[in-house]
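**Student:** Pasting a structure here, questions to come.
Readers should treat all values here as calculations from the given coordinates under stated rules, not as data from a laboratory. Note that the coordinates shown come from a computational prediction; the quantities given were computed from them, not determined experimentally. Here the Cβ is made from the backbone with ideal geometry for all residues, glycine too, and neighbour counts use every protein chain on show.
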Protein chains: 2
Amino acid sequence: MAFSYLSHLICPKCNLSYPANKIQQLCTCGSPLLVEYDLERLKLKLKPGDLIRRPPTLWRYQELLPVTSPENIVTLGEGMTPLLPMSRLGKEMGLSRLWMKDEGVIPTGSFKARGAAVGVSKAKELGVSELAMPTNGNAGAAWSLYAARAGLRSSIVMPVAAPAITRAECAVSGGNLNLVNGLISDAGKIVAQAVAESGLYDASTLKEPYRIEGKKTMGLEIAEQMDWKLPDVILYPTGGGVGLIGIYKALQELVTLGWVQEPLPRLVAVQAAGCAPIVKAWQEGKRESEFWPDSVTAAFGINVPKALGDFLVLDAVYNTQGCAIAIEDAELLEEQLTVARLEGAFVCPEGAAAFAAARRLREAGWIHEGETVVVLNTGSGIKYPETVQVEVPVLEPGERLVRRK
Amino acid sequence: MAFSYLSHLICPKCNLSYPANKIQQLCTCGSPLLVEYDLERLKLKLKPGDLIRRPPTLWRYQELLPVTSPENIVTLGEGMTPLLPMSRLGKEMGLSRLWMKDEGVIPTGSFKARGAAVGVSKAKELGVSELAMPTNGNAGAAWSLYAARAGLRSSIVMPVAAPAITRAECAVSGGNLNLVNGLISDAGKIVAQAVAESGLYDASTLKEPYRIEGKKTMGLEIAEQMDWKLPDVILYPTGGGVGLIGIYKALQELVTLGWVQEPLPRLVAVQAAGCAPIVKAWQEGKRESEFWPDSVTAAFGINVPKALGDFLVLDAVYNTQGCAIAIEDAELLEEQLTVARLEGAFVCPEGAAAFAAARRLREAGWIHEGETVVVLNTGSGIKYPETVQVEVPVLEPGERLVRRK
C-alpha cells in the first residue's frame with residue numbers, strides 16, 4: 001500500500017492539470033492549484049479504524065497528504081489538537097453543543113504549523129533549498145522554524161506591526177527576516193520581486209499547493225474526533241482563508257471515501273469589521289472579493305485586504321449554505337476575556353472573533369440551540385500579550401495579599 | 001474496574017499515612033505527602049496494550065491518577081506532548097540517540113499545565129472553592145486558567161520580574177493576581193499568611209500532594225512513547241523539582257506494574273549557575289539543599305533558592321546514579337539559538353539549560369555516544385520573547401528584500 005495516494009495538481013479555475021512530482025506555483029491562468037488524490041483506490045484500502053494505532057499527529061492521514069516518502073517528513077509533532085467541550089460558555093450563549101478546536105496547542109502556537117509542516121516537507125521532497133514568503137507573523141514564524149528543521153534557508157517579510165513574538169521566532173530560527181513599514185500586501189510585493197529576481201521557492205499563501213493540504217488536516221481531525229459524525233456549523237476566522245478552503249476540501253474527500261455523510265457543516269467565514277472583504281462579497285452575492293483599503297484590526301492574523309483564494313472561500317461558504325460575518329475589535333476583545341473566564345482558554349483575538357460570531361449567529365437565530373457548533377481557535381493567546389489589560393497590586397515582601405471583593 | 005486505583009497518602013519522611021478523600025496539605029512533620037495507588041491490584045487488571053484506544057491526553061493514565069470520578073476532570077486537552085528525535089543537534093553533540101520531550105506543545109505553553117490539570121481536578125473533587133499559590137509565572141498562569149475552567153477562584157502571587165505573558169494569563173483568567181517586589185520565596189510567605197488567615201486551599205509547590213501526580217505523567221508518556229523501553233538518561237531543568245520527583249515516581253510505579261524493567265534512567269537535575277542549591281548539595285553529597293542567596297538567572301522558571309522537595313530530588317538523583325549540573329546563562333542562551341537553528345524548536349531558557357547540560361555531560365564522557373538521552377523542554381520559547389535578540393532590516397513598501405550573505 002502506498003504511503004501517499006497523491007495523484008496530480010489541478011486548477012480549480014481553468015481545470016488545467018499539472019504533475020505533482022516537480023515544483024509548481026500558480027496555474028498559468030493565475031489561480032492557485034489544488035492537490036488531487038486517488039480516492040477511489042484509497043477507498044478500497046483504508047478504513048477509519050485503521051487510524052487508531054497511529055501516532056496523534058497530522059501525519060496519521062499520510063494517504064491524504066502530498067509527501068510520498070516518509071523520510072521527507074519534517075515534523076515537530078504537530079496535529080491532533082484538542083477538541084474541547086465549551087459547556088459553560090455554550091450555556092451562556094444558548095448553545096448546548098459548543099466545541100473549540102484549539103490550534104494553540106501545536107508547535108509554534110498557531111495553526112500555521114500545519115501548513116508549514118506539510119509545505120516544508122513537500123518542498124524538501126521537491127528539492128527546494130531556499131524559500132521566501134510574506135506573512136502577518138505566525139505563518140512566517142512557523143515556516144522559518146520548520147525550514148530550519150529541514151535544513152532549508154528561508155526569507156520572511158512581515159509588517160512591523162505584526163506580533164512581536166513572531167519576529168523572535170523567525171530570528172531564533174536563523175531565517176532571513178525583513179520587516180516592512182506596511183501591510184502583508186506590501187510584504188507580498190517585496191517577496192514577489194525577490195522570487196522573480198532570484199528564483200526562490202515562493203511559499204506565499206496559495207502560491208504553492210501544499211499549505212492547504214496541511215490546513216486540511218483540521219477538517220480530518222474534527223471528523224475523526226467526532227467519530228465521523230460531522231457538526232452542523234464550523235466557524236473559522238478568515239484572513240487568507242486557507243484553513244477554510246482546507247477544511248472544505250477535507251470534508252469533500254471524506255465524503256468521497258464514504259467516511260462521513262452529507263450534508264457538510266455550514267461553514268462560516270469570520271472576519272474583523274476593520275478588514276472584511278469576504279463578508280462584503282458574500283453580502284453582495286459576489287464570487288470574488290475586492291481589495292479592502294486601510295484595513296485595521298487587533299486580530300492581526302486576519303488583516304488580509306485581498307486574499308488570493310477568496311473565490312475558493314466564497315465557494316465553500318455558498319456550497320455549504322454557510323455565511324460570512326464581521327466582528328468589531330471591541331466585541332472580539334470582550335469575547336476573549338469571556339472565553340478565558342468561563343473556560344480557562346486563553347484564545348487568540350482571531351479565535352475570539354469566531355466565538356463572538358457564534359454568539360451573534362445564535363442570537364440572530366441562524367444557529368439553533370441544539371446544533372453542534374465547532375469554533376476554530378487558530379492560535380494561543382500567549383502570542384498576543386498586548387491584547388490583555390493587566391492592572392494588579394504590587395506588594396513589597398511581607399505585605400498582605402490583596403483580595404478582590 | 002475502578003476509574004482510579006488511588007489508595008492513600010503517605011509521608012516520605014516519617015511514614016505517617018493519611019486518607020486521600022479529604023483535603024490534606026503537608027504532613028504534620030512538615031514534609032510533602034505522596035500519593036499511593038493499589039498497584040498490585042492494578043497489575044492484574046491493566047496491560048499497556050489497553051491504552052492504545054484512549055485519547056492522547058494525560059488522562060489516558062486514569063488508573064494512576066488521583067481523580068476518582070471522571071466528572072471531576074478539568075481538562076484543556078493536556079498531555080501526550082511530542083517526543084521528537086533531535087538528529088542534527090545530536091550529531092553536533094556527539095549523541096546518536098538524542099530526544100526532546102516538548103512540553104511547549106500543551107495548553108498554557110508549559111509543563112505546568114499537567115500539575116494544574118490534575119491538581120485543580122482533585123481540588124474540585126475535594127470541594128475546594130478557592131485556592132492560592134506563589135509562582136515564578138508559568139504555574140500561576142496554568143493554575144488560574146484551569147481554576148477558571150473548573151469554576152474555582154484563585155489568588156496568585158508572582159515576582160514582578162516573572163515573564164510578562166504569565167501576568168496576562170492570570171489576568172485574563174479572572175484570577176486574583178498580586179505581584180511582589182521580590183522572589184518566589186517572598187511570594188510564598190505572602191500566600192502562607194493568606195492561607196493562615198483565610199483558610200484558602202494552599203496550592204503552593206508540594207503543599208498539596210496532587211501536582212506531582214500531574215507531572216508524573218511526563219514519565220509515563222516517555223515510557224509509553226518509547227514502547228516501554230526506558231532511555232539511559234533523562235535531563236530535567238530543576239527549580240522546585242516537582243517534575244523530576246514525578247518522573248522518578250512514575251518510573252517506579254511502572255516497574256512495580258512490570259511494564260518497564262530496571263535499571264531506571266540516570267536522572268539529571270539541571271540548574272542555572274545563578275541558582276544552583278541542588279547542584280551544591282549533590283556536589284557535597286548532602287541529602288538536602290541550603291537556601292541560595294541572591295539568586296539570579298534568565299531561566300526564570302528555575303530561580304528557586306530553596307525547594308521544599310529538595311530531598312526528594314536528591315533521592316531521585318542518588319538512587320538512579322544521576323547527577324546535578326549548573327549552566328551559566330550565556331551558555332544556555334547560546335544553546336537556545338543552536339536548538340532552534342538546527343532543529344526548528346524554539347525552546348524556553350530552562351529547556352535550553354537542559355540541552356546545554358547534555359552537551360557538557362557528553363563532552364565530559366558522563367554520557368556515551370550511543371546512549372538514549374531524553375531532554376525535557378519544559379515550555380515554549382514564545383513565552384520568553386525577551387531572550388532572543390532581533391536585529392533585522394526594516395524596509396519601506398517597494399524596496400528590495402535584503403538577503404544575508
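**Student:** Could you list the GluC sites (Glu not before Pro) in segment A:326-405 that lie in coil according to DSSP, counting only those with at most 15 other Cβ atoms within 10 Å of their Cβ?
**Tutor:** Values: sites: A:Glu328, A:Glu331, A:Glu334, A:Glu335, A:Glu343, A:Glu350, A:Glu363, A:Glu369, A:Glu371, A:Glu386, A:Glu391, A:Glu399; in loops: A:Glu328, A:Glu369, A:Glu371, A:Glu391, A:Glu399.
Qualifying residues, ordered by number: A:Glu328, A:Glu369, A:Glu391.
**Student:** Given R₀ = 22 Å, what would the calculated FRET efficiency be for B:Ile23 paired with B:Ser69, taking r from the Cβ atoms and rounding to 0.05?
**Tutor:** 0.85
**Student:** Could you work out the mean count of beta carbons from other protein chains within 10 Å of each residue's beta carbon in B:179-188? Don't skip to the end; give the middle numbers.
**Tutor:** Values: counts 5, 8, 5, 5, 1, 0, 1, 5, 3, 0.
For peptide B:179-188, the averaged partner shielding equals 3.
**Student:** Starting from the Cα of A:Glu363, step 7 Å along the direction of its Cβ; do the same at A:His8; then give the gap between the two resulting points in nm.
**Tutor:** For A:Glu363 paired with A:His8, the spin-label model returns 5.1 nm.
**Student:** Give the calculated FRET efficiency between A:Asp227 and A:Asn319 to the nearest 0.05, with a Förster radius of 22 Å applied to their Cβ-Cβ distance.
**Tutor:** Rounded to the nearest 0.05, the efficiency is 0.35.
**Student:** Just in segment B:139-239: which trypsin sites (Lys or Arg not before Pro) are loop by DSSP and have at most 11 other Cβ atoms within 10 Å?
**Tutor:** Values: sites: B:Arg149, B:Arg153, B:Arg167, B:Lys189, B:Lys207, B:Arg211, B:Lys215, B:Lys216, B:Lys229; in loops: B:Lys207, B:Lys229.
Those satisfying the criteria are B:Lys229.
**Student:** Oh, and also: For B:Thr28, which inter-copy label distances result when the label point lies 7 Å beyond Cα on the Cα-to-Cβ vector, reported in nm to one decimal and in ascending order?
**Tutor:** 8.9
**Student:** Under the definition of partner shielding as Cβ atoms of other protein chains within 10 Å of a residue Cβ, what is the mean value for peptide A:383-395? Please list the in-between numbers first.
**Tutor:** Values: counts 6, 2, 10, 2, 2, 8, 3, 9, 2, 10, 6, 5, 10.
Per residue, the number of nearby Cβ atoms from other chains is 6 on average.
**Student:** Which entries of B:Lys43/B:Lys216; A:Lys112/A:Lys229; A:Lys43/A:Lys286; A:Lys189/B:Lys101 show an alpha-carbon separation above 29 angstrom in the structure shown? Kindly include the intermediate steps, with their values, before the conclusion.
**Tutor:** Numbers: B:Lys43/B:Lys216 18 Å; A:Lys112/A:Lys229 26 Å; A:Lys43/A:Lys286 36 Å; A:Lys189/B:Lys101 40 Å.
Going by Cα-Cα distance, A:Lys43/A:Lys286; A:Lys189/B:Lys101 fall outside the 29 Å limit.
**Student:** For chain B, what proportion of DSSP beta bridges, expressed in % and rounded to the nearest 5, is antiparallel? Before the final figure, lay out each step's value.
**Tutor:** On the way: 12 of 43 bridges.
Bridges in chain B are about 30 percent antiparallel.
**Student:** Calculate, for A:Glu290 and A:Glu262, the FRET efficiency according to 1/(1 + (r/R0)^6) with r their C-beta to C-beta distance and R0 41 Å; round to the nearest 0.05.
**Tutor:** 0.80
**Student:** What residues have an amide H closer than 5 Å to that of B:Thr372, excluding those fewer than 5 places away on the same chain, when H is modeled at 1.01 Å from N in the peptide plane?
**Tutor:** B:Asp232, B:Val233
**Student:** Can you pull the percent of Cα pairs in segment A:133-245 with separation above 16 Å?
**Tutor:** 63 percent
**Student:** While we're on this one: Report, largest value first, the span of the C-alpha coordinates of segment B:349-394 along each principal axis, in whole Å.
**Tutor:** The Cα atoms of segment B:349-394 stretch 45, 22, 14 Å along their principal axes.
**Student:** Which distances in nm, rounded to one decimal and ordered from shortest, link the label point of B:Asp232 to the equivalent label points in the other identical copies, with labels set 7 Å from Cα toward Cβ?
**Tutor:** 5.9
**Student:** Once the convex hull of the C-alpha atoms of the protein assembly as shown is built, how many Å³ does it hold per residue, rounded to a whole number? List each step's numbers first, then the result.
**Tutor:** Numbers: hull volume 122.3 nm³, N = 810.
Hull volume normalised by residue count: 151 Å³.
**Student:** Identify the residue of chain B whose Cβ lies closest to the rotation axis that maps chain B onto chain A, and give that distance in whole Å.
**Tutor:** B:Pro56, 2
**Student:** Additional query: If you take every residue apart from A:Pro48 with its C-beta less than 10 Å away from the C-beta of A:Pro48, what net charge results, scoring Lys and Arg +1 and Asp and Glu -1?
**Tutor:** After counting each charged neighbour, the total is -2.
**Student:** Can you give me the Rg/Rh ratio for chain B, using Cα atoms for both radii and the Kirkwood formula for Rh? Working shown, then result.
**Tutor:** On the way: Rg = 20.6 Å, Rh = 21.4 Å.
Here the Rg-to-Rh quotient is 0.96.
**Student:** Tally Lys and Arg at +1 and Asp and Glu at -1 over the other residues with C-beta under 12 Å from the C-beta of A:Cys323: what net charge comes out?
**Tutor:** +2
**Student:** A further question follows. Among residues other than B:Val242 whose Cβ falls under 12 Å from its Cβ, what is the net charge (Lys/Arg +1, Asp/Glu -1)? Mind showing how you got there, number by number?
**Tutor:** On the way: positive: B:Lys112, B:Arg114, B:Lys207, B:Arg211, B:Lys215, B:Lys216, B:Lys249; negative: B:Glu208, B:Glu213, B:Asp310.
Surrounding charge for B:Val242 is +4.
**Student:** If you plug each phi of segment A:161-167 into the Karplus form 6.51 cos²θ - 1.76 cosθ + 1.60 with θ = phi - 60°, what whole-Hz ³J(HN,Hα) values come out, in order, with x for Gly and Pro?
**Tutor:** Running phi through 6.51 cos²θ - 1.76 cosθ + 1.60 with θ = phi - 60° gives 7, 5, x, 4, 5, 6, 4 Hz.
**Student:** Can you run phi through the Karplus equation (6.51, -1.76, 1.60; θ = phi - 60°) for segment B:243-248 and list ³J(HN,Hα) in whole Hz, with x for Gly and Pro?
**Tutor:** For segment B:243-248, the Karplus-derived couplings read x, 5, 4, x, 4, 4 Hz, x marking Gly and Pro.
**Student:** Just need the Rg to Rh number for segment B:254-389, please, alpha carbons only, Kirkwood Rh.
**Tutor:** Radius of gyration over Kirkwood radius for segment B:254-389 works out to 0.98.
**Student:** Loop only by DSSP, 11 or fewer other Cβ within 10 Å of the Cβ. Give me the trypsin sites (Lys or Arg not before Pro) in segment B:29-79 that pass, ordered by residue number.
**Tutor:** Filter output for segment B:29-79: B:Arg53.
**Student:** Output ³J(HN,Hα) for segment A:68-81: one whole-Hz value per residue in order, computed from phi by the Karplus curve 6.51 cos²θ - 1.76 cosθ + 1.60 with θ = phi - 60°, and x for Gly and Pro.
**Tutor:** After applying 6.51 cos²θ - 1.76 cosθ + 1.60, I find 8, 10, x, 5, 8, 5, 10, 9, 10, x, 6, x, 6, 5 Hz.
**Student:** To continue, here is another question. What share of the DSSP beta bridges in the protein assembly as shown is antiparallel, in percent to the nearest 5?
**Tutor:** 25 percent
**Student:** While we're here: Which distances in nm, rounded to one decimal and ordered from shortest, link the label point of A:Ser7 to the equivalent label points in the other identical copies, with labels set 7 Å from Cα toward Cβ?
**Tutor:** In nanometres, ordered from closest: 6.0.
**Student:** Another question, if that's okay. So how strong a dipole does segment B:90-212 carry about its Cα centre when Lys and Arg Cβ are +1 and Asp and Glu Cβ are -1, to the nearest 20 debye?
**Tutor:** Value, rounded to 20: 300 debye.
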